[in-house]
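Engineer: Here you go, one structure.
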Amino acid sequence: MSSIVLRTEVPGPASRALVARRDAAVSGGSARLTGIAIARGKGATVTDVDGNTYIDFAGGIGTLAVGHTPLAVVEAIRAQAGDLIHMCSIVATYEPYVAVCERLNALTPGTFRKKSTLLNSGAEAVEAAVKIARAHTGRQALIVFEGAYHGRTNLTLGMTSKFTPFKHGFGPFPAEIYRLPFPNPYRRPAGLDIDAYIDHCIAQFDHALVAQVSPSAVAAVVVETVQGEGGFLPLPPRFAAHLRARCHEHGMLYVADEVQAGMARSGRLFAVEHYGLVPDLLVSGKSIAGGMPLAAVTGSADIMDAPAPGGLGGTYSGNPVACAAALATLEHIATPAFLNRARAVGDRLRDHLQQLQAAFPDTIGEVRGLGPMLAIELVQNPATRIPDAALTNALTAETLKRGVITLRAGLYGNCLRFLPPLDMSDEQIDEGMAVLAQALPAALAATREACT
């Protein structure tokens, strides 16, 4: 039975009317990627206000690893809202906040004693990690990487790499942020094999510790285990091991930003588990609370205790309802059955995408990712590897018309990324991928027509 049900054109009249109200009432700076208006969701599907049902490969940009409205999370939210909607953890202690921190301390890699702090969003959590690192080390400088996305606050925008649209018109940004190349094997210089290229990237990192900033001034190296907005680029294992070793050698903290890559998105609960790597601080968010606003920083207790009392926190940080949702989510997402299904989803998706690449070798330059965190990179020519952002935009439009929600990504806006619920059925994967296979030639035709 098909999951996709299309009753009107897309977007339909009710969606167009609600989106028109949004455009009239909401700041134009608030991004809107599609013209549909959603009324409800269940599992891997959402239904719009016109009654059209879509397979959702966007997943709230990675916040819905357990799917839309999972029963246990919904029940936990309802129960908690009946007891205590808000208190503020600064004013008083409540059990859900403590329980989430205890659970994260137990689940994150490392056998040492850990502590956590809770925030509202990934950006807040990254910023809190920076505060903790600076307080612990007494240093100010940060090392970040090209292609990184760390959030939209002023500090995290300074750490974020892509200028347009994220940073355009919003400067000045903070000082003491040093941006270094992130290994992208697909775009390595001609003539270098992958091992030689990784050697080159390692040498660039070490050179920067002399030419750009002394390691004695660096509080933290902040790196996404898999770059999200950057195009789903996993850290090459040898490069990751080198970063960890240099951090240990020089007293720089290794901060793993797993806001998008964590919570089973890579097929492990945390992506660093693929590397056997234990960061000093691990930042989690997005899918941690089943769609409710929550994020966290977890690390060694002595590091986490470095800020003075009152140095961390916020009015809504660790809201009781969000914490109740997180406890129900973690109860499900950390099980072997869920993680096994996440890996199976990744295997099936990758197989479909590789088949599509074989059918369109001049268009799909690379299929990449870690586990089910997958993307395809679209190019104008496989030899020159010129990014094709226009095709990517046309492709997201074509899949939407056919009932599948997809998202672009990448420094050049030419990647299609997949962030579906991780327990979606094989039938839904196959149906969604069949739509993608229909949409790609239509998008190619549309972009060719636009160029003539």
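Engineer: Does Arg152 satisfy being farther than 26 Å from Pro237 by Cα, in contact (Cβ under 8 Å) with a residue 12 or more places away in the chain and touching a strand residue (DSSP E or B) at 6+ places or on another chain (Cβ under 7 Å)?
Structural biologist: No.
Engineer: Which ones in the range 12-65 are among the small types (Gly, Ala, Ser), modelled with pLDDT of 95 or more and over 30 Å from Ala296 (Cβ atoms)?
Structural biologist: Hits for the range 12-65 are Gly12, Ala14, Ser15, Ala17, Ala20, Ala24, Ala25, Gly35, Ala37, Ala39, Gly51.
Engineer: Another question about this same structure. Which residue, of Ala324, Ala390, is part of a helix (DSSP H, G or I) and either closer than 24 Å to Leu107 by Cβ or at pLDDT below 95 (or both)? Write out each step before concluding.
Structural biologist: Working: Ala390 fails: either closer than 24 Å to Leu107 by Cβ or at pLDDT below 95 (or both).
After applying the criteria, what remains is Ala324.
Each row is one residue, and each column tells you yes or no for (1) surrounded by fewer than 20 Cβ atoms within 10 Å (Cβ to Cβ); (2) not assigned by TED's automatic domain parsing to the domain that holds Leu312.
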{"position": "Ile36", "(1), (2)": "no, yes"}
{"position": "Arg40", "(1), (2)": "yes, yes"}
{"position": "Thr45", "(1), (2)": "no, yes"}
{"position": "Ala65", "(1), (2)": "no, yes"}
{"position": "Arg113", "(1), (2)": "yes, no"}
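Engineer: Same structure, new question: Among the residues of the range 161-213, count how many are at positive phi and of a type in the set (Asp, Glu).
Structural biologist: Step one: list which residues in the range 161-213 are at positive phi, which gives 169, 176, 191.
Checking which are of a type in the set (Asp, Glu) leaves us with 176.
Final tally of qualifying residues: 1.
Engineer: Quickly run through the range 393-417 and pick out the residues that are assigned to a helix (DSSP H, G or I) and either in contact with a helix residue (DSSP H, G or I) (Cβ under 7 Å, 6 or more places away or on another chain) or charged (D, E, K, R) (or both).
Structural biologist: Ala394, Leu395, Glu398, Thr399, Lys401
Engineer: Follow-up question, since we're still on this one. Of the residues Gly291, Gly231, which is closer than 28 Å to Val213 by Cβ and assigned by TED's automatic domain parsing to the domain that holds Ala328?
Structural biologist: Exactly one residue qualifies, and that residue is Gly231.
Engineer: Filter the range 98-115 for residues that are free of Cβ contacts under 8 Å to residues at least 24 places away in the same chain, part of a helix (DSSP H, G or I) and of a type outside the set (Asp, Glu) and give the result.
Structural biologist: Within the range 98-115, Val98, Ala106 meet the criteria.
Engineer: Name the residue, out of Pro420, Pro382, that is surrounded by 24 or more Cβ atoms within 10 Å (Cβ to Cβ), not in a helix (DSSP H, G or I) and not assigned by TED's automatic domain parsing to the domain that holds Asn184.
Structural biologist: Working: Pro382 fails: surrounded by 24 or more Cβ atoms within 10 Å (Cβ to Cβ).
Being surrounded by 24 or more Cβ atoms within 10 Å (Cβ to Cβ), not in a helix (DSSP H, G or I) and not assigned by TED's automatic domain parsing to the domain that holds Asn184 holds for just one of Pro420, Pro382, which is Pro420.
Engineer: Residues Leu370, Leu374: which one is surrounded by 15 or more Cβ atoms within 10 Å (Cβ to Cβ) and touching a His at 6+ places or on another chain (Cβ under 7 Å)?
Structural biologist: Result of the check over Leu370, Leu374: Leu370.
The values are calculated or read from the model by the stated rules, or taken from the named source; none is laboratory data. Nothing here was measured: the structure is a model prediction, and the numbers come from that model. Using ideal geometry, Cβ is built from the backbone for each residue, glycine included, and neighbour counts are taken over all protein chains shown.
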